[in-house]
Amino acid sequence: ASNLHLNLPDLPSSIKKKLSAAYPRLSPHNPLDILGDAAPEDIATTLNVFKQDASRISNLMTIITPQTTTKPLATAQAIIDSGIHKKLPLYTVFIGGEKMVKAKQLLRRNHLLTFDFPTQALDIIAAKSRYEIDRHKIPVFPATKPNYLTRQDKTILDKKLQQPLVLT
């Protein structure tokens, strides 16, 4: 993320407190790792914590990798059911090739962005961030009706148009 000039801000204290209560063994920080043995229910709990404070988060990326306890399809369904994608931009990354195909298909059918590698999602987030910064630099002019002729010019032009045309 740093090579794309993206900052990873600290998690808001309210989110840290809720995550610490849900997962006493973790020390919540950004990026958050809820460990490889996370069940779909753990993903749902974590996403619900973030959803409660969605206004304080600009982007959220989930990265799921194949572990012995990973249930890709159930995890994808938990992400969808959380509804967090309706509150803030969500980028899902399911690393693991064939093991993740059905989960990614389910996410796409539900209109969620899903990627094979975190760098793909980070490129999108960086482009969106640059746009948000640069869009304020674009000059915006009010829509006005152009008035190229003064009233006096129009009167002169009207008189000239009423005169006979002479070809030489």
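Every number here is computed from the coordinates shown, using simple stated rules; none is lab data. Here the structure is a predicted model, which means the values were calculated and not measured.
Scan (1) 0.96; (2) 1.40; (3) 1.01 for the value of Rg/Rh (Cα atoms, Kirkwood Rh) calculated from this model and give just the label.
After the calculation, the listed value that fits is (2).
Checking the table LYS17/LYS99; LYS87/LYS137; LYS17/LYS86; LYS71/LYS128; LYS51/LYS104 against a 29 Å threshold on Cα-Cα, which pairs fail? All intermediate terms of the calculation are to be shown ahead of the outcome.
Values: LYS17/LYS99 34 Å; LYS87/LYS137 27 Å; LYS17/LYS86 23 Å; LYS71/LYS128 31 Å; LYS51/LYS104 21 Å.
Result: LYS17/LYS99; LYS71/LYS128 exceed 29 Å.
Against the empirical 2.2 N^0.38 Å scaling, what ratio does the C-alpha Rg of region 58-115 come to?
Values: Rg = 10.6 Å, N = 58, 2.2 N^0.38 = 10.3 Å.
Its radius of gyration relative to the 2.2 N^0.38 Å reference: 1.03.
Projected area of region 1-91, taken from the Cα convex hull and averaged over every viewing direction, in nm²?
Details: hull surface 24.1 nm².
If I average the Cα hull's projected area over directions, I get 6.0 nm².
Please give the contour-minus-distance gain from GLN162 to LYS86: 0.36 nm per residue of separation, less the Cα-Cα distance, rounded to one decimal in nm. The partial results should precede the final answer.
Numbers: separation 76, 0.36 × 76 = 27.36 nm, distance 6.47 nm.
Extending this stretch completely gives an extra 20.9 nm.
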